[in-house]
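Nothing in this text is a laboratory measurement; each read-out follows from the coordinates by a stated rule. These numbers were taken from a predicted model, which means no experiment stands behind them. A quick note on method: Cβ atoms are made from the backbone with ideal geometry, for glycine too, and the neighbour counts reach across all protein chains shown.
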Number of protein chains: 2
Amino acid sequence: MEFIVSKEHKTAINPKRNENFPEWYQQVIKEADMAENSPVRGCMVIKPWGYTLWENVQKELDNKFKQTGHVNAYFPLFIPLHLMEKEAKHVKGFAKECAVVTHHRLEADKKEVLKPAGKLEEPLVIRPTSETIIGEMFSKWIQSYRDLPLLINQWANIVRWEMRTRLFLRTTEFLWQEGHTAHQTEKEAWEETLTILNIYKDFAENYMAIPVLTGEKTENERFPGAVKTLCIEAMMQDRKALQSGTSHFLGQNFAKASNIQFQDRKGNLSYVWTTSWGVSTRLIGGMIMVHGDDNGMCLPPRLAPTQVVVLPIIKEESDKEKVLSYCNEVVGKLRNQQYSGNNIRVYLDTRDRNAGEKSWEWTKKGVPVILEIGPRDIKNDNVFVARRDRSRKERYSQKKDVLIDEITDVLESIQAALFDRARSFREDNTREIDDYNSFKQYFTSDKKDTSGIFGGFALSYWCGSQECENKINDELGVTIRCIPLDIKISSKGKCILCGKISTQKVVFARAY
Amino acid sequence: MEFIVSKEHKTAINPKRNENFPEWYQQVIKEADMAENSPVRGCMVIKPWGYTLWENVQKELDNKFKQTGHVNAYFPLFIPLHLMEKEAKHVKGFAKECAVVTHHRLEADKKEVLKPAGKLEEPLVIRPTSETIIGEMFSKWIQSYRDLPLLINQWANIVRWEMRTRLFLRTTEFLWQEGHTAHQTEKEAWEETLTILNIYKDFAENYMAIPVLTGEKTENERFPGAVKTLCIEAMMQDRKALQSGTSHFLGQNFAKASNIQFQDRKGNLSYVWTTSWGVSTRLIGGMIMVHGDDNGMCLPPRLAPTQVVVLPIIKEESDKEKVLSYCNEVVGKLRNQQYSGNNIRVYLDTRDRNAGEKSWEWTKKGVPVILEIGPRDIKNDNVFVARRDRSRKERYSQKKDVLIDEITDVLESIQAALFDRARSFREDNTREIDDYNSFKQYFTSDKKDTSGIFGGFALSYWCGSQECENKINDELGVTIRCIPLDIKISSKGKCILCGKISTQKVVFARAY
């Protein structure tokens, strides 16, 4: 399968995807005006176009969390060091990337240079995640089975001091939601872990139009302190994997660390079972790398900040009134139509700029539908339609009333097209491989383009040992993305590296 | 005017407002389960009932900002020290309360004790407000008049290291929105400052049901770095003032500090004119202190997380099915009604607890309408209605269908009653005072109750000197809350302290 690249013009993004994928990614973000680096090392500024996309992500996910009984709350940004230390694996996992507050004011020294002053007795860690501080509160809130289940979510900023950062994908500060729940039984906590995984999968596929595999992480990739980490994994257009959301079954590890106990109906005291789960602004990076093309961003209609842009084409001043009045009529009627539970988001672009420039700007920003309307269109009761999922050559004239009636179908058809295209791409780049030579060749020399990335997803048997997992990673830079939940393996075979008998096929890939 | 205190029972909150207002405030928050202190000094946890109220505040304000052309974005939590220092008054104003990040990891020492490690070359201040970091970005984004106006808002967490903290009113970390805008002309920036002030006033009065005075701050109370600070000020039930929102006209101060210049239509380079403005989770404290009574919180219906609670009264197991089915019918029909642009938020409380206990719980949480429904009500096609703005003695039976038809009116009537009550209270406790003896008496011995607070708002002439302002504050602990915009002063008089001729009456009060 080939991605559509229009041949009638130079592409709007330079370089193209298959020339230099990482640089293409940066350029798409820049040209779509979604985010940029800030003067603060590793921290980005999310610009309005990127932030509105995140608001739409938040709104839809938040609905799904609330529909399944979760409520939002807010916990402190700071975690006292002694709380972080309560769960040994947890603090070990995050110690290397913690921003630490040590002072609480600034004071001028003799040379009038401002210096940190007011040293804190105990350093405060800026939350890299909130299990420990939330656990501390849960231990106060939970007394009896009547307080359970406790189903809390938080929308917040998080800091992890990453050495190599990339806009949206890995930044020192990022925005996310983190769910934290406590349950009476292991079974109930496990069901919650799966419920959330399914919400994430549903959201990824039906809103972001990104097909995902669901599976379990190996110990190497597990959340520090978790018993099991489930995940959704997506394939980007450079055929690398992006972990797009995780749902952790924490067993009683954090309950024991934070002493979260409840009295059951019989009066016995037990530790609760907890889960935690999160997705972040990384999802936006995923949408760019799955849907973007050589002309820029390509937004899934359900989440697009603007779904339809109307561009008046005015060449003579004398046409202005007529064109604008016709455009306003179209805009008004479109805004009254519903799509995905909301009124359609339409923008009438009357800015004093060249129409071609404006059309390219919205193309690069990824707006699903652009309608150009000039005197000739009006004469024929038409609008001129550009679908962002298709080549510019396929733009077409449509009767105004038909387009207005059909707009919901057009948006849904774009949504479906993006998903189908991404799924085909993933299928075309996923292989079942049963011998290590082919495996190695797949990931090193089976080169499809000049982007420098080889292979894609490999489905292969794995014996379950960390040794084999690490060796493969050392040799090829390929990791186990997950032990899939939704791919049925009926037979057994030999571990791709050591040859031991295994009934477990896992997904190998290079990853972000 | 007296606040309604039911005499048929002990009040649910102990102490009462007029016994110990500060302690009453803490108890209302506790009993309504809105927030609590965390293990982190000065930082609170906002619990679901308090956070949902904040979400409703956010939703309504966000709509108003968007309707007036603002867009949301997100800027870094961290501000490098050198950026903070660019505006001299600004950094001086915030230096004493800045949390400072100095290290980026944790490392075990020889005794296996974790210590901050990886010292940063330049300390990072956690934003106490974001003028400097946003100004830095604006200086890159703004080149020409075509980039103006730039109208940005951010929803974020903020840290100011306060020594004495109180839930919602003053916490080390708090949540807020901060608007930052840039304009071509002084006039346009000033109009923006006023537009936002009016949005805040409209929101306070029509959503929070809190009457506010609008005015300008004196230099003493001005935002560090601003040319003018406008504010909304509300009166709490202890007759102290709460600054509830501020809108700053920054002139070209920050534009010069951050070098934000644009080329106008003629090609000339000029500094932009900027504004900034914000409201915070402090608003929730204001709603508690204005509307709460001796039975707990009293929520303005437009913002209440739940507007109607339906309580099934089941004494015999044999009644259960009939009662629940009737309740479900009522709930379904209520949810189909619209109030203030949304479906009515109804909760059916079927939890396995005593009905009296549940009724008191919702009373303390401040739900506007509680409907109790038992077999006798059903027999008469009735529901038993408790309005939170009225005494429990005034509960009444109403025909089910009438109540369902009227529910929007009932909610709106409660909304209006809360506002009217608060406005009467403020009017009853505002005095025009023209001589210092009466002024002093008003604020020191004109004691109305045992809460330890004297006076209220005093409207008095002021000569405009900081000297008089400071003397009054030193002697009485009373500050100028604002130079009012919406109270017309037609004559002139003598400064309340020094006797100089003045045409400026200002609002004096004790304040939070």
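Here the 3J(HN,Hα) profile of segment B:165-177, calculated from phi with Karplus coefficients 6.51, -1.76 and 1.60 at θ = phi - 60°, is 10, 9, 2, 6, 7, 7, 10, 4, 9, 9, 9, 7, 10 Hz, Gly and Pro shown as x. The relative contact order of chain A comes to 15 percent, based on Cα pairs under 8 Å that sit 6 or more residues apart.
Give the calculated FRET efficiency between A:D381 and B:E427 to the nearest 0.05, with a Förster radius of 41 Å applied to their Cβ-Cβ distance.
E between A:D381 and B:E427, to the nearest 0.05, is 0.10.
Let's test the formula: R0 of 60 Å, r as the Cβ-Cβ distance of B:A511 and A:S491. What FRET efficiency results, to the nearest 0.05? For R0 = 60 Å, the calculated efficiency reads 0.20.
Helix B:48-67 versus the longest principal axis of chain B: what angle, 0 to 90°, nearest 10, using Cα atoms? That helix lies at roughly 60 degrees to the long axis. The three principal axes of the C-alpha atoms in chain A carry coordinate ranges of 80, 63, 61 Å, sorted with the longest axis first.
In 20 Å bins starting at zero, report the fraction of Cα pairs in the protein assembly as shown per bin as a rounded %. Distribution as computed: 11, 39, 37, 12, 1 percent. Which residues does a label at A:E122 reach in segment B:106-134, if reach means a backbone N under 16 Å from a point 7 Å past the Cα toward the Cβ? What the label zone holds, given the 16 Å backbone N cut-off, is B:113-116. Of the GluC sites (Glu not before Pro) found in segment B:307-404, the ones in coil according to DSSP and having at most 11 other Cβ atoms within 10 Å of their Cβ are B:E316.
I'd like to compare B:195-202, A:178-185: which one has the highest average count of other Cβ atoms within 10 Å, and what's the full order after that?
Working: B:195-202: 20.1, A:178-185: 22.5.
Descending packing order for the listed peptides: A:178-185, B:195-202.
I need the calculated FRET efficiency for the pair A:S391 and B:N206, taking r as the beta carbon distance and R₀ as 41 Å, to the nearest 0.05. My answer for the efficiency is 0.20.
By how many degrees, between 0 and 90 and to the nearest 10, does the Cα long axis of helix B:320-335 differ from the longest principal axis of chain B? Tilt relative to chain B: about 40 degrees. Evaluating 6.51 cos²θ - 1.76 cosθ + 1.60 at θ = phi - 60° for every residue in segment A:428-444, the Karplus couplings come out as 5, 10, 10, 10, 8, 10, 10, 10, 5, 4, 4, 4, 5, 4, 4, 8, 10 Hz, glycine and proline recorded as x. Mean sequence separation of contacting Cα pairs (under 8 Å, at least six apart), scaled by the length of segment A:308-426, corresponds to a relative contact order of 27 percent.
In nanometers and ordered shortest first, the copy-to-copy spacing of the A:Q504 label point, defined 7 Å from Cα toward Cβ, is 7.6.
For B:T444, inter-copy separations between label points set 7 Å beyond Cα along the Cβ vector come to 9.0 nm, shortest first.
Within segment A:114-189, the trypsin sites (Lys or Arg not before Pro) that combine a DSSP coil assignment with at most 16 other C-beta atoms in a 10 angstrom radius are A:R164. Of the listed pairs A:K140/B:K320; A:K92/A:K228; B:K365/B:K393; A:K64/A:K140, which have alpha-carbon separations greater than 25 Å here? Those over the limit are A:K140/B:K320; A:K64/A:K140. Remark: label point of A:G69 defined 7 Å out from Cα along the Cα-Cβ vector; separations to the same position in other copies 4.8 nm, ascending.
Taking θ as phi - 60° and the Karplus parameters 6.51, -1.76 and 1.60, the scalar couplings of segment A:247-257 work out to 10, 9, 8, 9, x, 10, 4, 6, 4, 6, 4 Hz in sequence order, x denoting glycine and proline.
Residues whose amide H falls under 5 Å from that of A:K115, counting only those 5 or more places apart or on a different chain, are A:E107, A:A108, A:D109, with hydrogens built in the peptide plane.
Counts of other chain beta carbons within 10 angstrom of each beta carbon in peptide B:112-118 average 5. Taking the C-alpha atoms only, the angle from helix B:21-31 to the longest principal axis of chain B is near 60 degrees.
Amide H contacts of B:D293: B:C298, each under 5 Å away and 5 or more positions distant or on a separate chain (H built 1.01 Å from N in the peptide plane; Pro and chain starts excluded). When restricted to Cα atoms, segment B:431-509 yields an Rg and a Dmax of 12.1, 37 Å, respectively. In this structure the amide hydrogen of A:F454, modeled in the peptide plane, comes within under 5 Å of no amide hydrogen from residues 5 or more places off or on another chain. Label sites at A:S413 and A:D319, each approximated as a point 7 angstrom past Cα along Cα to Cβ, lie 2.6 nm apart.
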